[in-house]
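Trainee: One structure, as structure tokens, below. Some questions next.
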Amino acid sequence: MKIGIVCYPTFGGSGVVATELGKGLAQRGHQVHFITYSQPVRLDFINENLFYHQVYLPSYPLFQYPPYELALAGKIVNVALHEKLDLLHVHYAIPHASAAFMAKQILKTRGVELPVVTTLHGTDITLVGKDSSFEPVITFSINASDGVTTVSESLKKDTYAHFAVEKDIAVIPNFIDLERFKKQKKEHFKKAICPNDEKLLVHTSNFRKVKRIEDILAIFRNVRAEIPAKLLLVGDGPERNAMEELARKWQIADDVRFLGKLEAVEEVLSLADLFLMPSEKESFGLAALEAMACEVPVIASDAGGIPELNIDGVTGFNSPVGDVAAMTRNALHILQDDMLPAFRKNALANAQQFDIVNILPQYEAFYEATYQSVRQAAIV
């Protein structure tokens with residue numbers, strides 16, 4: 001198939017998933033066209049089936065904010081016509097689903113019926129999408145899509161609970177490339193960070209309030225009071241400065257490293273003994289899956305789709321949001337030398353279910369069913 005993919009080209013989960021999906025589809029022989037305002041960060045290799053089309057934003061004094069949705073819709077029309085797309089897959093509802101609807105209507109006037117699949121990723125439903133100024137447009141755009149998927153059962157339930165959605169929603173979980181995300185032999189790096197065989201805790205995110213970075217520091221402080229430990233924080237965002245100050249205030253800064261944004265996060269995960277994800281909201285928990293694939297057990301909240309991924313008592317533990325005491329107890333339990341190997345093994349075993357080779361066929365089947373449904377409707 002010739003597939004258009006619209007996504008955010010950033011380090012965020014939806015953009016990463018969309019890019020990895022497109023790369024996987026291209027390797028399976030599909031022609032994939034990315035349509036976005038800059039090249040996706042993970043689109044890092046040349047493949048004869050991969051194409052990138054930039055959405056340009058004209059600058060006019062009339063506009064305080066350039067109308068990206070209109071520019072995107074126009075670019076979708078252009079690519080669909082000239083590349084003869086079979087299907088368009090948009091990731092994250094705002095504003096991609098509404099732009100896709102606009103493009104679809106324009107294409108109809110030119111005799112082209114373009115099936116549209118919308119994948120909902122999380123905050124487009126649980127946070128931003130519930131804003132009263134966006135809700136009517138999001139509800140309409142989801143219902144106007146030819147196919148709709150979410151990344152977890154939890155997000156599917158949230159969508160039905162908060163929006164008047166009449167469409168059937170399929171759950172196709174996020175995935176991981178186990179050829180990339182696997183435990184690497186980095187013992188020399190681990191020794192440099194933990195010279196006295198301290199336990200190493202890791203967290204990766206975009207450092208927003210919803211990630212509860214303060215809870216991570218609190219858990220680490222408690223663990224460090226019981227056993228020698230270090231903490232690596234990968235990522236950047238609005239909470240970083242405040243958390244650096246808090247680490248100094250709590251006198252744990254010498255054992256905490258803020259590494260900033262890293263592309264090769266699997267190298268850091270290969271060093272870790274434990275991954276922390278005490279988030280207030282998580283539609284799936286892709287960062288936790290990446291850790292599990294590198295044989296790292298997870299201490300997490302029970303928010304959103306995390307329990308669908310992190311099996312309580314098996315691959316790690318899930319506790320109520322904000323329950324730092326419980327997360328500390330569970331972390332210390334896993335970090336015992338006689339417990340850690342089993343949790344590592346279980347984490348990898350569960351991550352293998354989410355291997356991209358298992359998830360890609362689900363998307364292909366959904367594309368085909370959506371494509372055929374739209375074709376049959378057009379004939380009638």
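The values are calculated or read from the model by the stated rules, or taken from the named source; none is laboratory data. Fair warning: this is a prediction, and the values are worked out from it, not measured in the lab. Counting neighbours? That spans all protein chains shown, and the Cβs are built from the backbone with ideal geometry, glycine included.
Trainee: Give the residues of segment 138-166 that are of a type in the set (Lys, Arg) and buried (at least 16 other Cβ atoms within 10 Å of the Cβ), sorted by residue number.
Mentor: Answer for segment 138-166, where residues must be of a type in the set (Lys, Arg) and buried (at least 16 other Cβ atoms within 10 Å of the Cβ): just LYS156.
Trainee: Additional query: Within the bounds of segment 132-148, is there any residue that is at pLDDT below 95, assigned to a helix (DSSP H, G or I) and farther than 17 Å from LYS167 by Cα?
Mentor: No, because not a single residue in segment 132-148 is at pLDDT below 95, assigned to a helix (DSSP H, G or I) and farther than 17 Å from LYS167 by Cα.
Trainee: Could I ask something else about it? I'd like to check something: does segment 91-109 contain any residue that is of a type in the set (Phe, Trp, Tyr) and either free of Cβ contacts under 8 Å to residues at least 60 places away in the same chain or not in a loop (DSSP other than H, G, I, E, B) (or both)?
Mentor: Yes, segment 91-109 has at least one match.
Trainee: Consider segment 326-348. How many of its residues are in contact (Cβ under 8 Å) with a residue 24 or more places away in the chain and either in contact with a Pro (Cβ under 7 Å, 6 or more places away or on another chain) or among the aliphatic types (A, V, I, L, M) (or both)?
Mentor: Matching residues across segment 326-348 total 10.
Trainee: Go through segment 264-290 residue by residue and tally those that are touching a Phe, Trp or Tyr at 6+ places or on another chain (Cβ under 9 Å), closer than 12 Å to GLN184 by Cα and of a type outside the set (Val, Ile, Thr).
Mentor: 5
Trainee: Continuing with the same structure: Can you find, within segment 44-65, the residue that is modelled with the lowest pLDDT among those that are surrounded by fewer than 10 Cβ atoms within 10 Å (Cβ to Cβ) and not hydroxyl-bearing (Ser, Thr, Tyr)?
Mentor: Looking at the filtered set, the residue picked out is PHE45.
Trainee: Checking the condition surrounded by fewer than 16 Cβ atoms within 10 Å (Cβ to Cβ), of a type in the set (Asp, Glu), more than 24 Å from ASN330 (Cβ to Cβ) and within 22 Å of the chain's Cα centre (by Cα), which residue from GLU179, GLU187, GLU245 passes?
Mentor: So the residue among GLU179, GLU187, GLU245 that is surrounded by fewer than 16 Cβ atoms within 10 Å (Cβ to Cβ), of a type in the set (Asp, Glu), more than 24 Å from ASN330 (Cβ to Cβ) and within 22 Å of the chain's Cα centre (by Cα) is GLU179.
Trainee: Something else about it: In this structure, does VAL32 turn out to be crowded, with 21+ Cβ neighbours inside 10 Å, at pLDDT 95 or above and in a helix (DSSP H, G or I)?
Mentor: So VAL32 does not fit the description; no.
Trainee: Suppose we filter segment 146-190 for residues that are of a type in the set (A, V, I, L, M), more than 19 Å from LYS281 (Cβ to Cβ) and touching a strand residue (DSSP E or B) at 6+ places or on another chain (Cβ under 7 Å); how many remain?
Mentor: Of the residues in segment 146-190, 5 are of a type in the set (A, V, I, L, M), more than 19 Å from LYS281 (Cβ to Cβ) and touching a strand residue (DSSP E or B) at 6+ places or on another chain (Cβ under 7 Å).
Trainee: Related question: At least 3 residues that are surrounded by 19 or more Cβ atoms within 10 Å (Cβ to Cβ) and not β-branched (Val, Ile, Thr) in each: list the strands (runs of 3 or more DSSP E) lying fully within segment 248-361 that qualify.
Mentor: Output list reads 274-277, 316-319.
Trainee: If we scan segment 163-170, do we find a residue that is outside the structural domain of LEU348 (by TED's automatic domain parsing) and either closer than 24 Å to ARG42 by Cβ or in contact (Cβ under 8 Å) with a residue 60 or more places away in the chain (or both)?
Mentor: yes
Trainee: Return the pair list, or none, for Cβ contacts closer than 6 Å from residues in segment 214-240 that are at pLDDT 95 or above to residues that are among the hydroxyl-bearing types (Ser, Thr, Tyr) and part of a helix (DSSP H, G or I), at least 6 apart or on different chains.
Mentor: Matching pairs, first to second residue: ILE219/THR328; ASN222/THR328.
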